[in-house]
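What follows is one structure encoded as C-alpha cells, with my remarks underneath.
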Amino acid sequence: GIVWAFTHFHAGNWHPLTWISHMLDCQLFGLHAGGPHLVNVALHAANAVLLFLLLQQLTGAQWRSAMVAGLFALHPLHVESVAWIAERKDVLSTFFGLASLLAYAGYVAQSKNPKPEIRNSKPGLWYASSAGFFTLSLLAKPMLVTLPFLMLLLDFWPLQRVENTGLRAFISPQFRKLALEKWSWFVLAVISCVITFFAQKAGGAVRSTEYFSVTGRVINATIAYFDYVLKAFWPVRLAVFYPLVHEQPVGRLVIAAAFLLGVSFAALLAIRRRPFFFVGWFWFLGTLVPVIGLVQVGNQAMADRYSYIPLTGLFIVVVWGTSEMLGRGKAARILGSAAAAALMVVLAILTVSQLQYWRNGFALFTRTLAVTRNNAVANNNLGTALVALGRDDEGLAHYAEAVRIDPDNASYQNNLATALARAGQPAAAIEHYQASIRDDPEFAKAYSNLGSLFLDQHHIEAAITNLNVAVRIDPDNGKARNNLANALAVAGRMDEALRQYSEAVRLDPTNATVRLNAGLALAKAGRAKDAAVQFEEAVRLDPSAAEARYELGRQFFLAGQFQAASEQLREAVKLKSNYAAAGFYLSAAQAEMDRFDEAVATATRALESAQRTGQANLAAKIQRALELYKSRQSSGQPGTNGK
C-alpha cells in the first residue's frame, strides 16, 4: 500500500502521505467513522496550537497570537476541512506546513543568535527540519506550494530581516539574499506543482480554456476572493459545493474588483506604519493563488476548504488592527477581552450549527441545494443519498435535475440511467447509458451497466459487446468481468465464461456474489470440487447469503456429506423461509441420515412453499419424496435440477 501511494495517481491527485494516513485509519479503526473523525479533530486542534506557538515566537504578542489561533480553531469556514474525513489532506498538510514555519522561525532565531555549545541549536538543523516538514506538507497536499513566498513575507514582518523601506524593500540586495536562501523550498514547490499538474491532467480534472476561458477564470477568481472575505466576516449559507458560473453579473464583478484593489492599495500605503496589514492581506491573497481557479480544476467556483490556511492572514489583520485601534489602556483591554470572548461564543455556535449539515449525505446536499442555484453536483449527490435511503423516486428526480443542468456529464447520465433501470424503465435507461457513452467514450462503468441491462433484457449479443468494451477499457474491473462472464454463460460459451469468472475472482476476491457466480459456472461445467470451494468462500464472505448456502449444501449432498449438507441447507431455509429448493434438499439429507420424522416435517413445509410460489415441477418432486419419507425410505439423490 505504501509503495502504491508513492507510485500512482488516483482521482486526479497525488498525495501519498494522506493516502497512507487513511490506510492507517482503516488498519486501526476498520470502516467505523468515529476514529478518522477523531484524528481529523486532533490534527485541527494541533494546528491551532502550532499557529499560536508560531505567532507567539514570531511576534512575542501572546494574547493576539492566542486570538488568531482561536479564530482559526472555531471559524465555521473550517468545518468542511475537519468534518469531511477525505479532507484529511487539509489538516495534515497544514500541520506539517505550520511545523515547517515554526522550524524556520527557529532557524532565523539561531542565525541571529547562534549557540554552538548546544548541538541541537545549530541553524543548519533548523533549516533542514523546516525543509523536511515542508516536504511532508506537500506529500499530504500541494496547497502550500506558496510557503517560500509566505516565508519572505514573514521575513519582512514580523521577523524584520529586511529594512522596512516600503515596497523598495522587496527589490533590495537584502531581500534578494533572503530569496536565494530559500532555494530548496522553491525547488520542492516546483516539483510538487509539476507532479500535481500531471496527476490532475491524468485524472481529467484540469479544464481547458474551451470549457472556461481565461477571461472567465480571471472574473471568477476576482469574485471568489471577494466572496471568501464576505464569508470570513459573515459565515452563513455555506455549502460543500459552489457551482461555477460562466456569466457573472457586471455589477458584482465591479464591486469585487473595486474592493480588492482598494484593500490592496490601502495595504501598500500602510506598509511602513502597519506592516501587519500588508503581510496579513497578502498572506490571504497569496496562499489562495493555487486554488483560486486561474488553473481551473474541476467545476467549482470556490470551496470552504480552500480557506483553511489563507484565512489566517485576515485574522492577523483583524486582530492586530483591532488591538492598535483599542490602544493599551485598562478599559481597552477589558473591552477587547469581552469582545473577543463574545466573538468566540458566536463562532462556536455557528460552527456547531454548520456541523449539523455534515451528519450524512442527505443533510449535507439538501442544505447545499438550499443555499446555491443550478447545482448539478449537489443534485446528483443528493440523488445518491436518497437512493441509499430507499427513496428511489426522489433520487430519480434529483438525478434528472443534475442531467438537466449539466447534460454533458457522463457520470450524471449513467446515474440517471441506473435509476431509470431500477424504476422499470429500461428503454429510457438505455437511452441515457448511450448518452453517457457519447459524452465519454472511455467510461467503462457506463458500458458495464449498459451491458448488464441488455443481459437482463435477454439481448445477449449486445450485452457481450458492451461488456467486452468495458473490460477492454478497465481490465482490472472485477464487476465488469463478472457481468461479462454471466453473459457468456447465458450464451453457452462456458470456457470463455470460466476464464472471465476466474479473473473476476482474482480482481475482486472479497465479493461474495462473484464467488457464487463462479461456483455456479464451475458446477455447470462439472467441476464440483472447484465449485464447492467458491461456494464455501461466498458463505464465509457473506454468511447471510441464502443462495450461496443452498449451493454449498447441495454440493455437500451430492458428495454424500449429508451432515454438512443439512447444516448449510438449514441455514439457507432460516435465511429465506420460502426457499422450497433448499427445503427439498434438506429433507433429502435428513432422510439419508434416517431422520425421517424431521424429513417429513421439512418436506411438508417445502411443499407448501413450492405450491405457494407456483413451482409446480418442484412441488411434484417434493410430493413424491414425501411419500417415501412417510414409509421410512430415502429418495436418493434429488438430482442436479432440483433447484
Considering only protein heavy atoms, what is the solvent-accessible area of Val539 at a probe of 1.4 Å, reported in Å² to the nearest 10? 10
In nm, what is the difference between 0.36 nm times the number of residues separating Arg273 and Thr613 and their Cα-Cα distance? 113.6 nm
Summed residue charge, Cβ within 15 Å of Leu382's Cβ, Lys/Arg positive, Asp/Glu negative: 0
If amide hydrogens are placed 1.01 Å from N in the peptide plane, which non-local residues have theirs closer than 5 Å to the one on Ala301? Tyr242, Leu244
Pairs beyond 32 Å (Cα-Cα), from Lys89/Lys445; Lys574/Lys630; Lys445/Lys621: Lys445/Lys621
Stretched out fully, how many nm does the piece from Ser544 to Glu324 gain, at 0.36 nm a residue minus the Cα gap? 72.4 nm
Counting Lys and Arg as +1 and Asp and Glu as -1, what is the net charge of the other residues whose Cβ lies under 13 Å from the Cβ of Glu163? +3
Which residue, Gln563, Ala606, Ala582, has the largest displacement toward the positive end of the dipole of region 508-643 when charges sit on each Cβ (Lys, Arg +1; Asp, Glu -1)? Ala606
So if R0 is 41 Å, what FRET efficiency would Ala332 and Lys112 give, r being the distance between their Cβ atoms, rounded to the nearest 0.05? 0.80
For region 489-577, just the Cα set please: Rg and Dmax, both in angstrom. 12.7, 36
By average Cβ neighbour count within 10 Å, what is the ranking of 417-424, 331-338, 41-48 from highest down? 417-424, 41-48, 331-338
On Cα atoms only, tilt of 392-405 relative to the major axis of the chain in degrees: 50
Any residue on another chain or 5+ positions along whose placed amide H is under 5 Å from the amide H of Asn13 is listed here as none
Yeah, region 312-431 with a ≥ b ≥ c from its alpha-carbon gyration tensor (a/c under 1.5 is rounded, else prolate when a/b outruns b/c, oblate otherwise) is prolate
Whole-Å distance, taken between Cα centres, linking region 323-363 and region 200-274: 25
Inter-site label distance for Ser631 and Met344 at 7 Å from Cα along Cβ, in nm: 9.0
If we count GluC sites (Glu not before Pro) as exposed when they sit in a DSSP loop and have at most 13 other beta carbons within 10 Å, what is the longest stretch of the chain that avoids them all? 443-643
According to a simple spin-label model (label point 7 Å from Cα along Cα-to-Cβ), what is the distance in nm between Gln174 and Arg499? 7.5
Surrounding net charge for Tyr306, when Lys and Arg each add one and Asp and Glu each subtract one, Cβ distance under 14 Å: -1
Kindly rank 32-40, 305-313 from highest to lowest mean number of other beta carbons found within 10 Å of each residue. 305-313, 32-40
Given (i) 35; (ii) 30; (iii) 25, the label whose value is percent of Cα pairs over 47 Å apart derived from this model: (i)
Treating the angle as unsigned and between 0 and 90°, give the value, to the nearest 10°, between the Cα long axis of helix 183-202 and the longest Cα principal axis of the chain. 30
Nitroxide proxy distance, nm - points 7 Å out along Cα→Cβ at Phe6 and Asn578: 5.8
On the formula 1/(1 + (r/R0)^6), with r taken between the Cβ atoms of Arg527 and Asp476 and R0 of 22 Å, the FRET efficiency rounded to 0.05 is 0.30
Whole Å is fine, so just give me how far the alpha carbon centre of region 137-190 lies from that of region 495-556. 61
Helix-only [θ] at 222 nm, the chain, -39500 (n - 2.57) per DSSP H run of 4+, per residue, nearest 500, equals -23500 deg cm²/dmol
Can you tell me the 0 to 90 degree angle between the C-alpha axis of helix 330-356 and the longest principal axis of the chain, rounded to 10? 20
Any chance you could list the semi-axes, whole Å, largest first, of the equivalent ellipsoid that the Cα gyration tensor gives for region 466-618, using √(5λ)? 32, 15, 13
Cβ-Cβ FRET estimate between Ala491 and Ala564, R0 fixed at 35 Å, reported to 0.05: 0.55
Taking the alpha-carbon centroid of each part, what is the distance from region 51-71 to region 425-466 in angstrom? 59
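The values are calculated or read from the model by the stated rules, or taken from the named source; none is laboratory data. As the structure is a computational prediction, the values presented were derived from the model and not from experiment. We place every Cβ from the backbone using ideal geometry, glycine too, and count neighbours over all the protein chains shown. With ligands, DNA and RNA removed, areas are computed over all heavy atoms of the protein, side chains included. Shrake-Rupley method; radii C 1.70, N 1.55, O 1.52, S 1.80 Å.
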